[in-house]
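Have a look at the structure below, then the notes.
The values are calculated or read from the model by the stated rules, or taken from the named source; none is laboratory data. This is a predicted model, so every value here is computed, not measured. As a convention, Cβ positions derive from the backbone with ideal geometry for all residues, glycine included, and neighbour counts pool all protein chains shown.
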Amino acid sequence: MAQTKADRSAAAKKAAATRERNRKKASSAGTKAAATRQGNAAGQAAGQAKRAAGSVARAAKKAAGAAGRAAKQAGKSAATRSRA
């Protein structure tokens with residue numbers, strides 16, 4: 001069956017619309033990927049910061065405990081020395 005001019009025109013319009021859709025999709029693909037990459041990187045950085053803060057808190061707690069034990073021992077030493 002032969003195509004009429006109207007059929008060819010409709011097919012051309014459909015093809016143009018498809019090309020336009022594909023062009024828009026292709027242009028946003030890089031942006032979406034970059035946004036995903038940046039979001040993942042931000043999440044990882046937040047996790048690292050959280051872990052580092054926990055490490056700092058634990059280290060500070062250990063240091064405070066050590067200082068407390070040292071003060072206690074110094075007090076014992078002074079008390080013992082005063083008795084001698």
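Out of 47, 30, I need the residue that is exposed (fewer than 10 other Cβ atoms within 10 Å of the Cβ) and not aromatic (Phe, Trp, Tyr). Which one?
Working: 47 fails: exposed (fewer than 10 other Cβ atoms within 10 Å of the Cβ).
None of the others qualify; the one that does is 30.
Only one residue in 74, 84 is aliphatic (A, V, I, L, M), at pLDDT below 90 and exposed (fewer than 10 other Cβ atoms within 10 Å of the Cβ). Which one? Reasoning before the result, please.
Details: 74 fails: exposed (fewer than 10 other Cβ atoms within 10 Å of the Cβ).
Result: 84 is the single residue among 74, 84 that is aliphatic (A, V, I, L, M), at pLDDT below 90 and exposed (fewer than 10 other Cβ atoms within 10 Å of the Cβ).
Given the criteria of a type in the set (S, T, N, Q) and either exposed (fewer than 10 other Cβ atoms within 10 Å of the Cβ) or not in a helix (DSSP H, G or I) (or both), does residue 38 qualify? Before you say what the answer is, go through the steps one by one.
On the way: of a type in the set (S, T, N, Q): yes; either exposed (fewer than 10 other Cβ atoms within 10 Å of the Cβ) or not in a helix (DSSP H, G or I) (or both): no.
The answer is no for residue 38.
Of the residues 67, 11, 63, 6, which is at pLDDT 85 or above, assigned to a helix (DSSP H, G or I), exposed (fewer than 10 other Cβ atoms within 10 Å of the Cβ) and more than 25 Å from the chain's Cα centre (by Cα)?
Numbers: 67 fails: exposed (fewer than 10 other Cβ atoms within 10 Å of the Cβ); 11 fails: exposed (fewer than 10 other Cβ atoms within 10 Å of the Cβ); 63 fails: exposed (fewer than 10 other Cβ atoms within 10 Å of the Cβ).
Result of the check over 67, 11, 63, 6: 6.
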